[in-house]
Structures are given as C-alpha cells and as structure tokens.
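The values are calculated or read from the model by the stated rules, or taken from the named source; none is laboratory data. Quick caveat: nothing in here was measured; it's all calculated off a predicted structure. Reconstructed Cβ throughout: ideal geometry from the backbone, glycine too, with neighbour counts over all protein chains shown.
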Amino acid sequence: MCTADDGWIRKMVKKKGAFICIEGLDGSGKTTQAKLLVKKLKKTFDVIYTSEPSKGLIGTFIRKSYLYSENRLSPFVEALLFAADRIEHVKNEIIPALNKGKIVISDRYVYSSLAYQGAGEVSLDWIQEINKKSLSPDLAIFIDVDPEKVFCRLNSEKSVMETLETQQKVRELYLKFVEEKKLILINGDNSKNRVAEELVSLVNSFLENF
Ligand code: TYD
C-alpha cells in the first residue's frame, strides 16, 4: 500500500531481512501473539520484536503524554505524530536490523494509522502520503476479533482510542484492507494456542518463499 515513494529509504536497506507487521484492535491479543511468534521463530531465525508507538522520542511522547490524557487530539494531528514516530522507528530500529539480515516483527505499523486515524475521518490518501517516507512491510497480518467481545476485556483505564464505536470503525477499515489483499487475516476469536499455531505456520510459509 505505501510503496509509492519509499525509494530513498529502500536504498538504506543494504542486506535484506524480512519485515513483518502484526495489526489488530486494542485487546485483540496481538502483542501476546507477536511475542509468542518471535519466541518460536528464534529457534530457527535471527529475529527481533519491536512495536509502535516506538520507544523513540516521539513514540514515548505519544505513549506517556498523550494516549491516556483527558482529551483526544484531532485525528489529523494524531496521524502526523504517528507518521513522525514511524520515520524515526524505521530509521533507528527497523532498517539497522534488516541490514543485519534479521527478521523484524513489528507490533503495529502503518495500517494502524490507516485504520485508527482513518476511522477518525482522516483521508486514507493523505495518511498514505505522510507515510511515504516509511518502509513497506514484506508481510502484514491482521488478527481479527469481535470488538464487542474484547471491549469488556480492556482495562478500566482506556486510551483515547478505546471506545466501542471507534473500535468497530477501526475493524471495518482493517477488513477493507484484508479484502484488498493488503493484510492477511487470522481469526483471533479462536483459542490462544490455535491463533499462535496459525500465525507461525503463515509466517513460516512466507519465509520459505521469501
Ligand atoms: P497499543 O498496541 O494498544 O499499545 P499498548 O498495548 O502497548 O498500550 O497501541 C496504542 C494505541 O495507539 C492503540 O489504541 C492504537 C493507537 N495507534 C494509532 O491510533 N495509530 C497508529 O499509527 C498507531 C501505531 C497506534
């Protein structure tokens, strides 16, 4: 999806590892699954786990000063913040790891911006535009869950994104990307073990042909 103008950043990638992102709603279990995936792949591959918002300056600001604050910023401003964090994440963490030939598993990436800020009525074209300086993932996976089922599992301290209505809109957009074959869907309503098995088998067959 975001391949249009990533040429300059592609050029920074010297030795190619594989870049895989895992997407999903809040409470979908994607962090647990991404970490389990890394653990299993480690038996065979050189692999790292990373996530967005990143641990960099802007990601830390988003996590610590914004996500759990009183008021939601305009989704346009959010999109700019997440895009800025992503450029830093790509430059400082993802590309250096890919250049060492590692497999990078990112817990959230550009599809989070397209789905969450897209759900806030920000144009998808504009979100893509401001993310052109990021790298396209080689494989993007969506762990799909029923928003109503997971909503009651979320902490009482909910982030500015965590209303049921937002989560439902976010899911609709993720499903649109699945239909457009930009994301591969895994059913996250199955048991934790079953989801983990499906994820490992999907990633292994992708890596065999990579
Ligand atoms: P989340 O994966 O829930 O982090 P954690 O579980 O560690 O707190 O991500 C934080 C929130 O940020 C989540 O509600 C989704 C939102 N988000 C966006 O809205 N746009 C983005 O581009 C990204 C990366 C995250």
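Quick one: which residue in 137, 147 is over 17 Å from the mean Cα position of the chain (by Cα) and crowded, with 19+ Cβ neighbours inside 10 Å? I'd like the intermediate steps shown before the answer.
Numbers: 137 fails: over 17 Å from the mean Cα position of the chain (by Cα).
Of the residues listed, the single one that is over 17 Å from the mean Cα position of the chain (by Cα) and crowded, with 19+ Cβ neighbours inside 10 Å is 147.
Taking segment 36-72 only, how many residues are of a type outside the set (S, T, N, Q) and without any contact (Cβ under 8 Å) to a residue 60 or more places away in the chain?
Filtering segment 36-72 down to residues of a type outside the set (S, T, N, Q) leaves 36-43, 45-49, 52-53, 55-59, 61-64, 66-68, 70, 72.
Going one step further and asking which of them are without any contact (Cβ under 8 Å) to a residue 60 or more places away in the chain, we end up with 39, 42-43, 46-49, 53, 55-59, 61-64, 70.
Final tally of qualifying residues: 18.
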Item to complete: Could you tell me which numbered condition residue 125 fails, if it satisfies all but one of (1) away from the ligand (no atom under 13 Å from the Cβ); (2) at pLDDT below 95?
Response: (2)
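Per-residue answers, yes or no, for (1) within 13 Å of the ligand (Cβ to nearest atom); (2) touching a helix residue (DSSP H, G or I) at 6+ places or on another chain (Cβ under 7 Å); (3) aliphatic (A, V, I, L, M):
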site	(1), (2), (3)
119	yes, yes, yes
130	yes, yes, yes
136	no, no, no
168	no, yes, no
171	yes, yes, no
180	no, no, no
188	no, yes, no
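If you go through segment 155-169 one residue at a time, do you hit one that is under 27 Å from residue 103 (Cβ atoms) and among the β-branched types (Val, Ile, Thr)?
Going through segment 155-169, the residues under 27 Å from residue 103 (Cβ atoms) turn out to be none.
No, that holds for no residue.
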Worksheet entry | Where a residue in segment 102-131 is more than 14 Å from residue 169 (Cα to Cα) and its partner, wherever it lies, is basic (Lys, Arg), with Cβ under 7 Å and at least six apart | 107/30; 110/86; 131/86
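Report, by residue number, each residue of segment 168-184 that is over 15 Å from residue 137 (Cβ atoms) and surrounded by 15 or more Cβ atoms within 10 Å (Cβ to Cβ).
So in segment 168-184, the residues over 15 Å from residue 137 (Cβ atoms) come out as 168-173, 175-176, 179.
Scanning segment 168-184 gives 168, 169, 170, 171, 173, 175, 176.
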Practice prompt. Might you let me know whether segment 137-156 holds any residue that is of a type in the set (D, E, K, R) and within 22 Å of residue 63 (Cβ to Cβ)?
Written response: yes
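Any residue at all in segment 150-157 that's modelled with pLDDT of 90 or more and either under 29 Å from residue 207 (Cβ atoms) or out of contact with any Leu (no Cβ under 6 Å at 6 or more places or on another chain) (or both)? Outline the logic, then answer.
Just the residues of segment 150-157 that are modelled with pLDDT of 90 or more, to begin with: none.
So far as segment 150-157 goes, no, none of its residues is modelled with pLDDT of 90 or more and either under 29 Å from residue 207 (Cβ atoms) or out of contact with any Leu (no Cβ under 6 Å at 6 or more places or on another chain) (or both).
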